[in-house]
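K.L.:
Got a structure for you, questions after.
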Amino acid sequence: DLNSNNILICKDNGHYKLIDFEYSDFSWKAYDFANYLNETHFDYSLNQSPFFFMKELTILKLEANAMLCFYLIFEKIEKSKESEYWKETEILFEELKANHFNETFISQLLEKYGISEEDIHEFQEQVQTCMILSNYYWMIWSIFIGHDKTKDFDYIMHAWKRFEFMSSLKNIQGNIFQ
């Protein structure tokens, strides 16, 4: 459940701690990305009912595409028999810091690791479909949880916002990443 309330920063050493793993498991890569992108549209920091708000539907195309491409690159490195995965990824992370979302750099990496435009487009389509599925899942989850009147969070409103989000994604024609 990757949202800002579930990322803690330790005051003594500045390390990050992730919490709230009750729904974590190994999932299909497109679904994981989709759920992450969906969650960027919800802010759970409100201190009063409904205790969240949904941001405007915007996909940061450059950033989302870069993330998807980086994932495909790291996946390719991991599957490579010749690769020293940790050493190669450490070097790549340093290069990424220096070339933050630089499209030319990303294109060069994609070519280097043999990732085609077709591979990227296929992954984008899978993620876009899974964004709808992820919202459907959280809508149904919210409806079930919403019957528990001991919780302050407005789960029924959350279900409705998930439905609206899912519907808006469903009505988009074409690839949302382009």
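K.L.:
Any idea of the accessible area per residue across the range 91-170, 1.4 Å probe, to the nearest Å²?
P.N.:
On the way: 4950 Å² over 80 residues.
Per-residue value: 62 Å².
K.L.:
Figure the gain on full extension for residue 151 and residue 36 (residue separation times 0.36 nm, minus the Cα-Cα span) and round it to one decimal in nm. It would help to have the intermediate numbers written out before the result.
P.N.:
On the way: separation 115, 0.36 × 115 = 41.40 nm, distance 2.46 nm.
That pair, residue 151 and residue 36, stretches by 38.9 nm at full extension.
K.L.:
Largest first, how would 141, 160 line up by accessible area (1.4 Å probe)?
P.N.:
My answer, sorted largest first, is 160, 141.
K.L.:
Mind checking the full-extension length gain between residue 12 and residue 78? Use 0.36 nm per residue of separation minus the Cα-Cα distance, one decimal, nm.
P.N.:
Working: separation 66, 0.36 × 66 = 23.76 nm, distance 3.37 nm.
Separation in residues times 0.36 nm, less the Cα-Cα distance, equals 20.4 nm.
K.L.:
If you take the alpha carbon radius of gyration of the range 86-138 and divide it by 2.2 N^0.38 Å, what ratio comes out, to two decimals? Write down the numbers at each step before the final one.
P.N.:
Values: Rg = 14.8 Å, N = 53, 2.2 N^0.38 = 9.9 Å.
That works out to 1.48 for the range 86-138.
The values are calculated or read from the model by the stated rules, or taken from the named source; none is laboratory data. Because the structure is predicted, anything quoted here is derived from the model rather than measured. These area figures cover heavy atoms from the full protein model, side chains too; ligands, DNA and RNA do not enter into them. Shrake-Rupley method; radii C 1.70, N 1.55, O 1.52, S 1.80 Å.
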